[in-house]
Amino acid sequence: MTKNIFDLSRAVQARALSSRARLKSAKGLKQSGFMSIELGLVLLAVAALIAFAVLYYRENQRKNSVNSNHSDIIAISGNLVSKYGQLNRYGDVTTELAVKSGVIPAHLRDPGADTAQNRFGGVIEVAPVDLTGTSDGISITWPNVSANQCSDIVSASEGEFRVITVDGSEIKGDGGAIDITALEEACDTDAPVELVFTAGRF
C-alpha cells in the first residue's frame, strides 16, 4: 500500500514536471515567434530605407546632370553669340574654331585635339545655319543625351534658342513657343537622343 502511494506520488510529480516543461517550451516558442516577427519588421524597414536612399541618390544625380548640361549648353551659346554673333560671323564658325577659340569650355575639350564631348560622351558639333538669312544662326549639336534628362534639359534651355530639335523632330519653331507634347513624345524613348539648339538674333 505504502509502495503504491509512493509510486503514485512519483507519477504525479513526473506529470507536473512534464507539464511545466511543455509550458516553458511553448512560451519559448511563442517568444521566438515574436522575435522572428520583430526581426522581419526591422529588416523590412531597413530595406525600405535603403531603397529610398538609392532612389534619392539617383534622382539627385539626374538633377545634377541636367543642371550641368544646361550650364554647358548656355555657356557655349553665350560665347558664340558674343564672339561671333555680334560681328555677323557665324558663317565662319566650325567646331574646330569653337574649340580653339575657347568658345567650348576647357573641361569639355578632348586633350590634344580640336574636338569636344559633352558629359554624356557625345561629340559636340557647332555649325552655321540659315534662319531668315544666310548663316544668320549657329547650331549646337548635343548628342547621346539620356532620355530621362532630355525633357528637363530642353525645358531649362529653350528660352535662349530660336529653334530646338530632338532626334530631328522640331519641338520649337523659329521664335515660337516650345511644343510640350512634341517634346515629351520625342524624349519618350529607351535610347539616348540627339538635341540640336540653334541660336541667332531674336
Checklist (1) in a loop (DSSP other than H, G, I, E, B); (2) of a type outside the set (S, T, N, Q); (3) surrounded by fewer than 16 Cβ atoms within 10 Å (Cβ to Cβ) applied to Glu184, failing item: (1)
Ala199 being of a type in the set (A, V, I, L, M) and under 17 Å from Gly78 (Cα atoms): yes
Residue in the stretch 81-102 that is surrounded by the most Cβ atoms within 10 Å (Cβ to Cβ), counting only those that are farther than 13 Å from Gly200 by Cα and polar (S, T, N, Q): Thr95
Enumeration of residues in the stretch 103-119 that are touching a residue at least 12 places away in the same chain (Cβ under 8 Å) and either surrounded by 15 or more Cβ atoms within 10 Å (Cβ to Cβ) or closer than 13 Å to Val196 by Cβ (or both): Val103, Ile104, Leu108, Thr115, Ala116, Asn118, Arg119
Residue check, Thr132 modelled with pLDDT under 95 and hydroxyl-bearing (Ser, Thr, Tyr): yes
Single condition Asp174 does not satisfy, out of (1) modelled with pLDDT of 95 or more; (2) under 25 Å from Val103 (Cα atoms); (3) in a loop (DSSP other than H, G, I, E, B): (1)
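Residue-by-condition table, conditions (1) part of a helix (DSSP H, G or I); (2) over 24 Å from Cys150 (Cα atoms):
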| position | (1), (2) |
| --- | --- |
| Ser68 | yes, no |
| Ser71 | yes, no |
| Pro111 | no, yes |
| Val126 | no, no |
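The values are calculated or read from the model by the stated rules, or taken from the named source; none is laboratory data. If you're wondering where the values come from, they're calculated on a predicted model, not measured in any experiment. Every residue, glycine among them, receives a Cβ derived from its backbone with ideal geometry; neighbour counts consider all protein chains shown.
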